[in-house]
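Asker: Sharing a structure below in structure tokens format, with a few things to ask.
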Amino acid sequence: MYRIESDPDVKRYLNGPVRVPREEWIRGVKSNLFRHKTLAVLAKDTGQFAGRAALDPYRDSDYLDSEITREIQVVISKNYWGRHFGREVSKILIAAAFDELGAEQVIGIVHPRNEFCLKLLHIFGFEQMGVIPKPSSWQQGYLRFVLSRAVYKKWPQELRCATCQPIETD
């Protein structure tokens, strides 16, 4: 994961690459293991690490309830760009947010020049909610998008996650 986090191309729109030595970065990640729930994205054909993804409660707002609002985060290794990993992982995470976690909305935070991500959010039906205003945040000036449960329920079949299966509960 350090390779992805320190890649200037991958991190161009994500606060830039990590600039600390690998061992120091790993210590920092280990100290925050219980705060962030990051998932590994693996290539189906090889099992190789292809990126990371997360679906965390959205806590960076005074007016959005973190119990029903999730923030989607997907970072894909440059080696896997153009192979639809971001789109497929996003489908799975969005389905999990609404169908498994009971979210009412999913938030996406995007740099205004990240054209690929902006296009993907548009395809999924996210609507722009505004701009991150906090001067203290590295995301100041980034765009905030929201996908509501109502819009998700209207997704056409081609957007639905073909491999997602609801969890059976008794």
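Conditions tested, residue by residue: (1) surrounded by 18 or more Cβ atoms within 10 Å (Cβ to Cβ); (2) within 18 Å of the chain's Cα centre (by Cα); (3) touching a residue at least 12 places away in the same chain (Cβ under 8 Å).
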{"position": "F116", "(1), (2), (3)": "no, yes, yes"}
{"position": "H122", "(1), (2), (3)": "no, yes, no"}
{"position": "L143", "(1), (2), (3)": "yes, yes, yes"}
{"position": "L147", "(1), (2), (3)": "yes, yes, yes"}
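Asker: Taking the condition at pLDDT below 85 and surrounded by 14 or more Cβ atoms within 10 Å (Cβ to Cβ), does S90 pass?
Answerer: Numbers: at pLDDT below 85: no; surrounded by 14 or more Cβ atoms within 10 Å (Cβ to Cβ): yes.
No; evaluated as a whole, the condition is false for this residue.
Asker: On the given criteria, is A103 part of a loop (DSSP other than H, G, I, E, B), touching a strand residue (DSSP E or B) at 6+ places or on another chain (Cβ under 6 Å) and at pLDDT 80 or above?
Answerer: Details: part of a loop (DSSP other than H, G, I, E, B): yes; touching a strand residue (DSSP E or B) at 6+ places or on another chain (Cβ under 6 Å): yes; at pLDDT 80 or above: yes.
Yes; evaluated as a whole, the condition is true for this residue.
Asker: Please determine whether any residue of region 126-137 is part of a loop (DSSP other than H, G, I, E, B), modelled with pLDDT of 90 or more and surrounded by 11 or more Cβ atoms within 10 Å (Cβ to Cβ). Talk me through it step by step, then tell me what you get.
Answerer: First, the residues of region 126-137 that are part of a loop (DSSP other than H, G, I, E, B): 126, 132-137.
Remaining after also requiring modelled with pLDDT of 90 or more: 126.
After this cut, where a residue has to be surrounded by 11 or more Cβ atoms within 10 Å (Cβ to Cβ) as well, the list is 126.
Yes, region 126-137 has at least one match.
Asker: Right, here's the next one. Being of a type outside the set (S, T, N, Q), touching a helix residue (DSSP H, G or I) at 6+ places or on another chain (Cβ under 9 Å) and farther than 19 Å from C161 by Cβ is the filter here, so list the residues in region 69-103 that pass it.
Answerer: Those that are of a type outside the set (S, T, N, Q), touching a helix residue (DSSP H, G or I) at 6+ places or on another chain (Cβ under 9 Å) and farther than 19 Å from C161 by Cβ: V75, K78, W81.
Asker: How many residues are in a loop (DSSP other than H, G, I, E, B) and farther than 19 Å from R113 by Cα when one looks only at region 4-29?
Answerer: We begin by selecting, within region 4-29, every residue in a loop (DSSP other than H, G, I, E, B); these are 6-21.
Then drop every residue that is not farther than 19 Å from R113 by Cα, which leaves 6, 18-21.
The number of residues fulfilling the criteria is 5.
Asker: Starting from residues that are modelled with pLDDT of 80 or more and among the small types (G, A, S), keep the ones in region 1-47 and report whichever is farthest from E88 (Cα to Cα).
Answerer: Checked region 1-47; the qualifying residue farthest from E88 (Cα to Cα) is G47.
The values are calculated or read from the model by the stated rules, or taken from the named source; none is laboratory data. Just so it is clear, the model here is predicted, and its values are computed rather than measured. Neighbour counts run over all protein chains shown; Cβ positions are idealised from the backbone, glycine included.
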